[in-house]
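Visitor: A single structure is presented below for examination.
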Amino acid sequence: MNLKNSKFYKRIQELRHFSKEKIRKDREQRGLPVPVLRGVEMALSECHCKREVEMEWPCISPGHREHTPRKKMAGIKEKKKSHGAARSKGGQGMHFRAVKLVNPEDEVDAEGFIQLNNVRYRVSCPSKGEVPRKGDGPSISDSKSAICVSNSRYAMIGRISKSLGFKLVKESKLWNILWSDSFPGVELFKNMKRFQQINHFPGMIEICRKDLLSRNLNRMLKLYPHDYKIFPKTWMLPADYGDAMNYALNHKRTFILKPDSGAQGRGIWLTNDLKTIGANERLICQTYIHRPLLIDGYKFDLRVYTLITSVDPLRIYVYNEGLARFATNKYVEPTPNNANDLYMHLTNYSVNKRNSQYDLCDNDDCGSKRKLSAINNWMRRHNYDVAEFWSNVDDVIIKTVLSAWPVLKHNYHACFPGHDTIQACFEILGFDILVDWKLKPYILEVNHSPSFHTNEQVDREVKRPLIKDTLTLVSTVLADKKQIMREDRKRVKQRLLKTKGETPIRQRSVVPPVKPSAANEPPTAPEPEQEEGLLAHQIAWEESHLGNFRKIMPPDDATRCSYYCKFYSQTNQVSIFAETAASKKREDLARKMRLQIEEKRAKQEQMLLQAKTKRKRIIQPRIVREKQRIQQYRLKENWTPGFISDAEERLRNTWQHMRNESIKNLKITENIYSVLFEFGHLSNTDISVFPNMYHNLQCGLDIRGST
Ligand code: ADP
């Protein structure tokens, strides 16, 4: 069935169109820029030109907008090759046509048209010489880096990579960066070349799955009870069932229950009665934060984008822009009556988009999805200390990553022993943070593949620059594919020829160390020892290409730096693999289950055996059964005494008499008795039966002659 022809699909398209039109008219009435103009802004923001330029949009085709507002805007990329119409695939059917062919080297302003949703705009762009460049070092396009995005469902990543000068290649080619939505297998990690990078760290699952995150944070809470109050009290059921019940008995709280590896709000519910939960259900049970910070009466959570560029030494950056996702029903503290209202208690976009109250408004201070900058403005207006709040958020992020640090470090070195030029991995993590009424942030979840869907304007405004800044920050240009491959070939050759006195292979000449600019925080904090050579190059590159990122690890402040040092030593205090009470209980449970299964199996085997023997008996051939029957009958016959006649009895007596006589004549008895007497073996019975013989024996007479 073709879905596009279905009534359902058409209806959705109609509704979409309807809501867009509604927003456009509404904004026009209020004198705000209509979304289509925002679209132009976005299209321009993906281009190279950063300088503010004058842009005009006279309506060319009749029937379109009469007034021609003048607006300051980002410029537009020059089209180098197109003489006629050139179509861009991205953004609302954008259609750009260059009116004048411009040589990229020419220092002239370019003009062109941009067409969006059947409206054409004339735009101008400053000449190349005026375009601000990032630093004086080489750019990504100079390095001819290749990126593979075929394992990602987000077309935006490919588009942005292209605009940055990356070449899009297949996975089978020699890519520099592989961008994948899911965790790749270990095989891929193992086979990576020294110039290749991937957008996931092996072992990051330790904080990206709810149950593992809870386990790690609980372990750290035990070690550092004052520092790790960064998440709501959490129990992993069924292992912690007893503890949770105990807590529930002593505290009157509402609990939130989540599937241990769920996402997008699926399977979540609230309760204040834990007895309703089955003792064997696998769930994450958390105390519900019942007094969250509210904006306009709605609960919300923050999606904070965090970039990790290295785990040893640990380097973490946080993006200054992000999203706040709002619930769509006004918040009331949980009661049995409203506990089922997911639109009130959950802030997931996937849940709330189904509510008719979902607000698509893309103004900064309205809508069910807003930018972090809008939240910051709201906080400032309400006299909250924004800087302190973000410092607390950074603290939560650092501590969460540190809880899995030993595993991350171990896995990285195990997977990439040869990656000595650049870091083999980087990762954008989506931290979900809930803020309570005291402005205390709590970590709820970490996403290893945060959504890069751009359904709404606000998504585009946040996610596009995020991807762009990430790719710029991680492509250090140190990863010189050709040079590294040359070196590898040389190494193989040397190994084959067993050359002694190896010439030093590693002589990097690609980029001079770029000094961090004044705007990009001077590294005042003490850096790790290895920060020499290549690592120093990489760090310098990162810090001079921060974009909208801020560095949070290592912190610039020396006291904070030493504060975090103690968490690195967690492995010395307790092994990450050491047993916790929960793990012990889990093991016990597993052992019990194993025993039960074994018992069951043994029973089944026994039953099977019995059934087999029964079947065997039944199967025996008829002849054998007949023989057995006759034998049994005979046995029975032998035991019943038969008839004895008088003649037979007389004959038997005669034989008995004759036997006794012959024994007497042959003196058999005497002989035996004299021997028995000699060895002292005569019994009382013998003596009483043959008293004379005994007397003679005692008198020393020869009994053989006496009788
Ligand atoms: P999922 O991965 O399914 O989205 P989350 O842990 O992110 O699960 O929870 C979904 C939503 O439930 C969050 O966005 C938040 O609004 C709400 N929530 C989760 N845990 C708590 C909690 N302990 N207290 C209050 N609200 C919570």
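Visitor: Take CYS366 and decide whether it is among the hydrophobic types (A, V, I, L, M, F, W, C), open to solvent by less than 60 Å² (accessible area, probe 1.4 Å) and within 12 Å of the ligand (Cβ to nearest atom).
Guide: Answer is no for this residue.
Visitor: If you don't mind, another one. Among (1) at pLDDT 80 or above; (2) at negative phi, there is one condition GLY547 misses while meeting the rest; what is its number?
Guide: (2)
Visitor: Pairs only if they're at least six apart or on different chains, beta carbon under 9 angstrom, first in the stretch 332-352 and under 24 Å from ARG303 (Cβ atoms) and of a type outside the set (Val, Ile, Thr), second in a helix (DSSP H, G or I) and within 9 Å of the ligand (Cβ to nearest atom); list them, first residue then second.
Guide: As it stands, the answer is PRO334/HIS345; LEU342/VAL351; TYR343/VAL351; ASN348/LEU342; ASN352/LEU342, since those pairs meet every condition given.
Visitor: Would a scan of the stretch 325-335 turn up a residue that is of a type outside the set (Asp, Glu) and under 30 Å from GLN538 (Cβ atoms)?
Guide: So far as the stretch 325-335 goes, no, none of its residues is of a type outside the set (Asp, Glu) and under 30 Å from GLN538 (Cβ atoms).
Visitor: Being part of a loop (DSSP other than H, G, I, E, B) and either open to solvent by less than 10 Å² (accessible area, probe 1.4 Å) or away from the ligand (no atom under 16 Å from the Cβ) (or both) narrows it down to one residue among THR472, THR476; which is it?
Guide: Result: THR476 is the single residue among THR472, THR476 that is part of a loop (DSSP other than H, G, I, E, B) and either open to solvent by less than 10 Å² (accessible area, probe 1.4 Å) or away from the ligand (no atom under 16 Å from the Cβ) (or both).
Visitor: Here is a follow-up. Please go through (1) of a type outside the set (A, V, I, L, M); (2) away from the ligand (no atom under 14 Å from the Cβ); (3) surrounded by fewer than 19 Cβ atoms within 10 Å (Cβ to Cβ) for LYS233 and return the number of the only condition it doesn't satisfy.
Guide: (2)
Visitor: Next question, about the same structure. Could you say which residue among GLY242, GLY262, GLY267 is within 10 Å of the ligand (Cβ to nearest atom) and open to solvent by 30 Å² or more (accessible area, probe 1.4 Å)?
Guide: GLY267
Visitor: When you look at ASP211, is it modelled with pLDDT under 95 and touching an Asp or Glu at 6+ places or on another chain (Cβ under 7 Å), yes or no?
Guide: Yes; evaluated as a whole, the condition is true for this residue.
Visitor: Condition check: under 18 Å from LYS438 (Cα atoms) and open to solvent by less than 60 Å² (accessible area, probe 1.4 Å). Does VAL351 satisfy that?
Guide: Spelling it out, it is not the case that VAL351 is under 18 Å from LYS438 (Cα atoms) and open to solvent by less than 60 Å² (accessible area, probe 1.4 Å).
Visitor: Across the stretch 219-230, what is the number of residues that are open to solvent by less than 70 Å² (accessible area, probe 1.4 Å) and within 14 Å of the ligand (Cβ to nearest atom)?
Guide: So the count comes out to 1.
Visitor: What are the residue pairs meeting all of these: first residue in the stretch 231-255, first residue under 15 Å from GLY278 (Cβ atoms) and in contact (Cβ under 8 Å) with a residue 12 or more places away in the chain, second residue in a helix (DSSP H, G or I) and open to solvent by 30 Å² or more (accessible area, probe 1.4 Å), Cβ atoms under 6 Å, and 6 or more apart or on different chains?
Guide: Here the result reads TRP235/ASP243; ALA239/LYS585; ALA239/ARG586, each pair linking the stretch 231-255 to a residue that is in a helix (DSSP H, G or I) and open to solvent by 30 Å² or more (accessible area, probe 1.4 Å).
Visitor: Taking only the stretch 277-324 into account, find how many residues are open to solvent by 10 Å² or more (accessible area, probe 1.4 Å), within 12 Å of the ligand (Cβ to nearest atom) and within 30 Å of GLN197 (Cβ to Cβ).
Guide: Number satisfying all stated conditions: 1.
Visitor: Filter the stretch 331-348 down to the residues that are open to solvent by 60 Å² or more (accessible area, probe 1.4 Å) and aliphatic (A, V, I, L, M), then identify the one that is modelled with the lowest pLDDT.
Guide: Filtering the stretch 331-348 for residues that are open to solvent by 60 Å² or more (accessible area, probe 1.4 Å) and aliphatic (A, V, I, L, M), the one modelled with the lowest pLDDT comes out as LEU342.
Visitor: Out of all the residues in the stretch 343-352, is one or more among the aromatic types (Phe, Trp, Tyr), within 13 Å of the ligand (Cβ to nearest atom) and touching a strand residue (DSSP E or B) at 6+ places or on another chain (Cβ under 7 Å)?
Guide: yes
Visitor: How many of the residues in the stretch 673-707 are surrounded by fewer than 12 Cβ atoms within 10 Å (Cβ to Cβ) and either part of a loop (DSSP other than H, G, I, E, B) or of a type in the set (A, V, I, L, M) (or both)?
Guide: 8
Visitor: Scan the stretch 414-459 residue by residue and report those that are within 19 Å of TYR319 (Cβ to Cβ), away from the ligand (no atom under 16 Å from the Cβ) and β-branched (Val, Ile, Thr).
Guide: If the condition is that a residue be within 19 Å of TYR319 (Cβ to Cβ), away from the ligand (no atom under 16 Å from the Cβ) and β-branched (Val, Ile, Thr), then ILE428, THR454, VAL458 are the ones that fit.
Visitor: Anything in the stretch 229-274 that is modelled with pLDDT under 90 and of a type in the set (Val, Ile, Thr)? List them, or say none.
Guide: none
Visitor: Would you confirm, using the coordinates I've provided, whether ARG303 is within 30 Å of ASN383 (Cα to Cα), within 23 Å of the chain's Cα centre (by Cα) and at pLDDT 95 or above?
Guide: Taking the combined requirement at face value, the residue satisfies it.
The values are calculated or read from the model by the stated rules, or taken from the named source; none is laboratory data. Everything numeric here is computed off the predicted structure, so don't read it as measured data. Every residue, glycine as well, gets a Cβ built from its backbone with ideal geometry; the counts of neighbours run over all protein chains shown. Side chains are part of the model used for accessible areas, which takes the heavy atoms of the whole protein and leaves out ligands, DNA and RNA. Shrake-Rupley method; radii C 1.70, N 1.55, O 1.52, S 1.80 Å.
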